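Worksheet: the structure to be examined is printed underneath.
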Amino acid sequence: MVWDYITDVMEIEGSHVKEDYWKGHYNQINQELEMTDWEKLLQDCMVESAWELFRSALIHCVRKNLWLTKSTSRAISERDKAWMKYTDCRTEENLKNYKLLRNSAGRKVRMDQASYRKRMLKSFKGHPKKFYRYMRKLKTVQERVGQIKKENGEFTVSDTETAKVLGGYFSSVFVNEGEYKQSYSDHLNIPNRMDKC
């Protein structure tokens, strides 16, 4: 007995968007969610529909860029569609179309970011705390010294204690240059010029 099977397998790519949680604006998301009157909104909802309402509101807050305009997001989606079209059918015309849309979308993104930055800078006038909060957020390297293990095995508790431990370590490794020069000249039997003066 011989059986022949013909199967057709379709590969389905997931449309799941992976969020970058390290760059989330959690304070803004919390503020937007707090402005919603959830009791009034969810009072007549069943659990599943209430969950869907909350989930859609949360996704809207997460994916919302403060600086991105509708025309720019439209240009980005057109660019993505053009890229998918090019990956399906790799022709010179599709590549040209994609490059035009890519450059246009990139230009619009830069313009939106610049105008948002200008609006932010104008809003700082008379609000120094807001300005410094914004500048701290832009910094990539955070000024923080972690805990260090002391000689007795315990960890440091405060920054001053950490500074003392680091200072003690570096002073134990530090070589006094004057002593080093004297011992080196003695080793080579070079007379010290200072003695002759």
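For the reader, a short list of remarks on this structure follows.
- Taking the number of Cβ atoms within 10 Å of each Cβ as an exposure proxy, the fewest-first ranking of Phe170, Phe155 is Phe170, Phe155.
- Overall form of the range 23-64 per C-alpha gyration tensor (a/c, 1.5; a/b vs b/c): oblate
- Prolate/oblate/rounded call for the range 100-162, Cα gyration tensor, a/c under 1.5 rounded: oblate
- Each of Val47, Val109 was scored by other Cβ atoms within 10 Å of its Cβ. Listed from fewest to most, they are Val47, Val109.
- Additional length obtainable on full extension of the chain from Phe124 to Leu100, 0.36 nm per residue less Cα span: 5.0 nm
- The range 68-139: C-alpha gyration tensor shape, a/c 1.5 cut-off, then a/b vs b/c: prolate
- Dipole-positive endmost among Ala50, Leu33, His60 within the range 23-64 (Cβ charges, Cα centre): His60
- Gain in span if fully extended, Phe155 to Gln113, counting 0.36 nm per residue against the direct Cα distance: 10.8 nm
Values in this text are rule-based calculations from the coordinates and carry no lab data. Given the structure is predicted, the values throughout are model-derived calculations rather than measurements. Quick reminder, even Gly has a Cβ in these numbers, built from the backbone with ideal geometry, and neighbours come from all protein chains shown.
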